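The values are calculated or read from the model by the stated rules, or taken from the named source; none is laboratory data. Computed from a prediction, not measured in an experiment: that's the story for all the values here. Reconstructed Cβ throughout: ideal geometry from the backbone, glycine too, with neighbour counts over all protein chains shown. To get the accessible areas, we keep the full protein, side chains included, count just its heavy atoms, and leave off ligands, DNA and RNA. Shrake-Rupley method; radii C 1.70, N 1.55, O 1.52, S 1.80 Å.
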Amino acid sequence: MPQKLFGTTGIRGLANDLLTPEFCSKVASAFGCYLKEIGAKNKKILVAMDTRTSSEMIKNSVISGLVSVGFDVFDAKIAPTPAVQYSVANGFDGGVMITGSHIPPDRNGMKFFMSDGTEVYGYIEEAIEGIFFSDKIKRSNWKEIGRVFEWDINKAYKEMLVKNGMKGNLKVIVDPGHGTQCLIMPYVLQELGYEVLTINSQIDGFFPGREPEPNLKNLGDLISIMKELDYDIGVAFDCDGDRAIFIDNEGNYLMGDVTGCIIADNLLEKGDTLVTTISTSSLIDYVAEKKGIEVVKTKVGAADVVAESKKKKAKYSFEENGGCIFMDINPARDGGLTTVIMTKIILKKNKKFSEILKEYPKFYQIKEKISCPDNLKQKLTEKIKEIYKKDHRVRKIDETDGVKVFLDDGWILFRASWTEPIFRIFVEAKSKKKADELMDEGKKIDKILKNM
Ligand code: MG
């Protein structure tokens, strides 16, 4: 077992490999003990899960772990992660979401939240790991073992989304990808008066229609339907519903950061601060200059973005993968809020989605990944840095997270994933040809890795 449990987002692994009932229960107990150490007042924790085949098993293990250290558990069953984060602030000491988010169906994970709905990060993760590995779990005596209650959070979450949306005439296709948003978004968009068509909208842990990640490869059906039929916008979600990816009325796939930038342009005003990660498109620098917005770029991962947003009092922030955060409403990446705010922008502008997109300069991005064993990630990162430090073409190297190399006509970001045994390569350029060239160059690290 690794000595570090937490990756970029919570704890993830293969179901019944890392994520056995014993392991998940012990981690949950360690989380409960940590909350008691910092003075949890109400002894109440909210727990929910995504639609994976392993989620119910893990959820029951987590619940056992929590009640064994004295917490009453409120079981919200299947719900999106942003619904959990929105609801935790109503008197809970913390929350746990059982989800593998966008990763393949054989894997799963656990995300942990504090009483204000923000995800645990940094020193809190270390404290929980400390309790876990030192076996300092204090079980309750028989009189203080917690109880379990059923608890609905989806109704309040739906009401919040409707409140933040705009009623109007819009035709929308929703692809929740058999995940948690099956229970939410088709109904919210109908409530807003839109004409709604759904695909992959039945809960199914085998994901028969498509894999959970809402990327270009997996959204082929949604894109084809958007091209064929006359709909204004298509939206797809990952399994836990914190990320929304849009398809325009002509069937074009929008990268998550393009969405993030359009919302920034329409929501923020001069002097506002926006937080995003270093993997975001340079389009945000264009929008920032146009609007007079200050942009802060952090490491990749929602927890870092939210923590920085809190510090900078930023009302809006986003990640390049389609996770937008509206801090004033919900301190979470929220695919539902992103959708109702994007449809509001289209209605207010009274333009076709594709016309709105044409108002922005086009950047070409390519995202790839190569397999990389965990024990070689650090060494590979050092090697890449060493190579580019000697390269005369390089204008700047940013080491906020991995190695981001700025060249005259684009950039390459090399970054180890801490949730999967892979190494990510992102490139961006102003032409497709240059982006292809940069990706060919980036992928050469595969050779370096093979010689290590
Ligand atoms: Mg997710």
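Observations on the model:
- Computed from backbone phi, the HN-Hα couplings of segment 22-33 come to 4, 5, 5, 5, 5, 4, 4, 5, 5, 4, x, 4 Hz, rounded to whole numbers (Karplus: 6.51 cos²θ - 1.76 cosθ + 1.60, θ = phi - 60°; Gly and Pro given as x).
- Listed residue pairs exceeding 28 Å between alpha carbons, taken from LYS315/LYS432; LYS227/LYS348; LYS310/LYS433; LYS43/LYS111: LYS315/LYS432; LYS310/LYS433
- Relative contact order of the chain, taken over Cα pairs closer than 8 Å and 6 or more residues apart, is 13 percent.
- Gyration tensor (alpha-carbon) shape descriptor, segment 183-250, a/c threshold 1.5: oblate
- Amide hydrogen proximity for ALA416: with H placed 1.01 Å from N in the peptide plane, the residues at 5 or more positions away or on another chain lying under 5 Å are ARG424.
- In order through segment 148-157: 3J(HN,Hα) via Karplus (6.51 cos²θ - 1.76 cosθ + 1.60), integer Hz, x for Gly, Pro: 10, 10, 7, 8, 8, 10, 5, 5, 5, 5
- Anisotropy class of segment 109-160 from Cα gyration tensor, a/c 1.5 cut: oblate
- Rounded percent of accessible protein surface that carbon and sulfur make up, segment 119-178, 1.4 Å probe: 52 percent
- Between ASP135 and LYS432, the FRET efficiency from the beta-carbon distance, with R0 = 51 Å, is close to 0.40.
- Summary of the geometry: segment 158-231 and segment 405-452, compared by the centres of their Cα atoms, lie 32 Å apart.
- Segment 1-21 and segment 298-327 have Cα centres separated by 24 Å.
- Surface share of carbon and sulfur [accessible, 1.4 angstrom probe, percent] for segment 320-452: 49 percent
- Annotation: per residue accessible area for the chain equals 42 Å², rounded to a whole number [probe 1.4 Å, protein chains only].
- Once both labels are positioned 7 Å from their Cα atoms along Cα-to-Cβ, the gap between THR400 and ASN252 label points is 2.6 nm.
- Close amide H pairs (under 5 Å, H built 1.01 Å from N) link ILE173 with LEU197, ILE233, GLY234, VAL235, residues at least 5 positions away or on another chain.
- Overall form of the chain per C-alpha gyration tensor (a/c, 1.5; a/b vs b/c): oblate
- Percentage relative contact order, segment 312-423, counting C-alpha pairs under 8 Å, at least six apart: 16 percent
- For segment 251-291, the residues whose backbone nitrogen is under 17 Å from a point 7 Å from the Cα of ASP391, taken along Cα to Cβ, are 279.
- Efficiency of FRET from Cβ geometry, LEU14 and LYS299, R₀ 25 Å, rounded to 0.05: 0.50
- Most to least packed among 52-61, 436-445, 273-282 [average Cβ atoms within 10 Å]: 273-282, 52-61, 436-445
- Interchain or long-range residues, amide H under 5 Å from MET327's placed H: TYR316, SER317
- Area accessible to solvent at CYS239, 1.4 Å probe radius, in Å²: 0 Å²
- Our coupling estimate for segment 369-376, obtained by passing each phi through the Karplus curve with A = 6.51, B = -1.76, C = 1.60 and θ = phi - 60°, is 9, 10, 5, 8, x, 3, 6, 9 Hz, Gly and Pro reported as x.
- Under 12 Å from LYS430, Cα to Cα: aspartates and glutamates that are on another chain or at least 8 residues apart: ASP408, ASP409
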